[in-house]
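Before any comments, here is the structure.
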Amino acid sequence: MATVPPADGELLGLERRIVDHLFVLQPSYAVGLGLHEYDGRVPDLSTGATARWEGGADRLLTELQAMDADGLSRDRAIDRFLLRLLLESPLFDLRDSRELDRNPMSYVGSVSLTSYLARDYAPVEARVAAVVEVLHAVPRLLEQGRARLKGPLPKPFVELALAIGGGLSAHFGEAETFAAGAHLESTVAAARAIAEEALTPFLAWLKDEALPHATAEFALGAARYQKLLFVREGIESPFEEIRRAGLADLARNQARLAEIARAEKLGVDTLFARMNADHPAAPDVLATARSFVDETRRFVEGHALATVPTIAACRVEETPVWGRALSTASMNPPGPFDTTSTDGIYYVTPVDPKWTAVQAEEWLRSFNYPMLRNITVHEVYPGHYLQFLHFRATAGSLARKVYLSASFVEGWAHYTEQLAIEQGMGRESPAAEVAQIHDALLRDCRLLASIGLHTQGMTLEEATGLFQREAHFERLPAEREAIRGTFNPEYFCYTLGKLAILNARSRVLESRFQGRLGAFHDALLGFGCPPIGLLDTLLEA
């Protein structure tokens, strides 16, 4: 029998303490992973509580760094690095970007009940109890936010916090409707009243005091941006190298789009207009999405692109009302610790009955057939849903079950869009590739806007122009994409992750996997969702 290095056993206890400490600050993260013993918990975000958390994290980091790395097995040495990032990442948010001191979205955005409403993981009564617990915690949470948020605050942060906060009442109402199934709506209504009584003055303060004095300053700056790449993704390469890679990918995608346009004897804008006009009717959007779920699964299996577990079952549902303002389509997958269900829930946002005919048509054009198929590839097969089925089945360590890299998760799903086109999906019409390239241009511009906004003094107007000019977006969605970059610099993750996977594939597909894409993809998915900077190390191991 193989001998376990002594340090591996020593790391085991420390690993659990680090993960437990992380969940004190981020209990909703634990719930999302399927650890429902954390249901209903809302963190203490007061200055004293987070200072104590920082001290505990520092002590755990010191203990981790004092461990003899040479005495660890190769796998556990990787886990030690993951545990380091699990502590350094929230410390960055608290100390470097100071999210709790300058971003009101940290507070209104924390009041989410989605995990309790979306998935039938427990009896309704237990989930309602968690909802009530969260609602009762809202006054304390917002009071802590009011005490910490010292102006002037970044204007985009304040405006978006007002938009999010303005939708919370409807979100609470959805929980009340949900509770009616167990005749508990009055219990939720009472808790809702308490939450809304605290929410109203908080939003009034944001509107009347914080917004008039808000600043245009939001950028992390070069040093903090470089550190962000490390604590989130384990990347030490200069961000300028990443910017150049993004520019190269943008040029490649634009060249291919121009090539298709020449072959079709059409302008690029006409290509997009023709694609957008080919869409399902409003009552048929969900049925079309269901047909694409079946089609994409058959495609993955038929082309041996990855193993699809026999337990795979994905249902398509309308996006819940509380999520429609921020989502066109999304995946709610089972968490790695979820023992109750393996089902995926593919949410698609329908046409709102209150919309005008013009608004409905605009929305349906975004769900044109090629684009909806591309979205399904990203969200379901072989994208997020298949990825999380593999993640759930991975016999990895606690650290690997907990670590969720945005660049690995979104990079994989974005990579699969290109993979599907490479393997011939939708080859009967150039529109399939046009849809894929359109999304790729968007993600390229996100990476470039992120670096520009936070390290190069790019203005919001310049970022808006980038999306209009290079990704062929209309003014309003381009402006929204630019604003997103101010508070979510990590939306570089799509292109960054995709390029890392493509680079790895070019290096090891033939030498290590004899050209078998399915074997390469299964190996990749077997890693869990580690920081993308570890991809080469994991493949070597």
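Values computed for the structure shown
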{"read-out": "Criterion (modelled with pLDDT under 95 and either crowded, with 20+ Cβ neighbours inside 10 Å or within 21 Å of Leu496 (Cα to Cα) (or both)) met by exactly one of Arg392, Arg373, Arg446, Arg427", "value": "Arg392"}
{"read-out": "Single residue of Gly13, Gly34, Gly9 found to be among the small types (Gly, Ala, Ser), more than 30 Å from Gln226 (Cβ to Cβ) and surrounded by 17 or more Cβ atoms within 10 Å (Cβ to Cβ)", "value": "Gly34"}
{"read-out": "Residue identified as more than 30 Å from Gln359 (Cβ to Cβ), among the β-branched types (Val, Ile, Thr) and touching a Phe, Trp or Tyr at 6+ places or on another chain (Cβ under 6 Å) among Val285, Val300, Val308", "value": "Val300"}
{"read-out": "Residues of the range 255-265 satisfying the condition of being out of contact with any helix residue (DSSP H, G or I) (no Cβ under 7 Å at 6 or more places or on another chain), within 19 Å of Glu428 (Cβ to Cβ) and not charged (D, E, K, R)", "value": "Ala263"}
{"read-out": "Residue check for Gln436: at pLDDT 95 or above, among the polar types (S, T, N, Q), crowded, with 24+ Cβ neighbours inside 10 Å and out of contact with any His (no Cβ under 7 Å at 6 or more places or on another chain)", "value": "yes"}
{"read-out": "Residue within the range 65-85 that is surrounded by fewer than 17 Cβ atoms within 10 Å (Cβ to Cβ) and β-branched (Val, Ile, Thr) present", "value": "no"}
{"read-out": "Test: residue in the range 160-170 that is closer than 23 Å to Met105 by Cβ, in a helix (DSSP H, G or I), in the same structural domain as Arg102 (by TED's automatic domain parsing) and of a type in the set (Val, Ile, Thr)", "value": "yes"}
{"read-out": "Helices (runs of 4 or more DSSP H) within the range 356-440 that include 3 or more residues closer than 18 Å to Asp522 by Cα and in the same structural domain as Pro336 (by TED's automatic domain parsing)", "value": "369-379, 384-393, 406-422"}
{"read-out": "Qualifying positions in the range 307-360 - among the small types (Gly, Ala, Ser) and more than 23 Å from Pro477 (Cα to Cα)", "value": "Ala312, Ala313, Gly335, Ser341, Gly344"}
{"read-out": "Counted residues, the range 210-220 - those being out of contact with any Leu (no Cβ under 9 Å at 6 or more places or on another chain) and surrounded by 12 or more Cβ atoms within 10 Å (Cβ to Cβ)", "value": "0"}
{"read-out": "First in the range 122-149 and more than 21 Å from Glu197 (Cβ to Cβ) and in contact (Cβ under 8 Å) with a residue 60 or more places away in the chain, second anywhere and among the aliphatic types (A, V, I, L, M) and in a helix (DSSP H, G or I), Cβ under 6 Å, 6 or more apart", "value": "Val124/Ala182"}
{"read-out": "Selection count, the range 336-350, where residues are over 16 Å from Arg315 (Cβ atoms) and either surrounded by fewer than 18 Cβ atoms within 10 Å (Cβ to Cβ) or not assigned by TED's automatic domain parsing to the domain that holds Thr296 (or both)", "value": "2"}
{"read-out": "Residues that are of a type in the set (A, V, I, L, M, F, W, C), surrounded by fewer than 17 Cβ atoms within 10 Å (Cβ to Cβ) and closer than 20 Å to Ser237 by Cβ, drawn from the range 499-529", "value": "Leu502, Val508"}
{"read-out": "Among the residues listed as Ala57, Ala69, Ala51, Ala30, the single one being farther than 30 Å from His136 by Cβ and of a type in the set (Gly, Ala, Ser)", "value": "Ala69"}
{"read-out": "Evaluation of Leu419 against (1) of a type outside the set (Gly, Ala, Ser); (2) out of contact with any His (no Cβ under 9 Å at 6 or more places or on another chain); (3) buried (at least 22 other Cβ atoms within 10 Å of the Cβ) (one fails), failing number", "value": "(2)"}
{"read-out": "Elements of type helices (runs of 4 or more DSSP H) contained in the range 469-541, each with 2 or more residues being farther than 30 Å from Ser106 by Cα and touching a residue at least 60 places away in the same chain (Cβ under 8 Å)", "value": "493-513, 517-525, 535-540"}
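The values are calculated or read from the model by the stated rules, or taken from the named source; none is laboratory data. The shown structure was predicted, so the numbers you read here are calculated from the model rather than taken from an experiment. We place every Cβ from the backbone using ideal geometry, glycine too, and count neighbours over all the protein chains shown.
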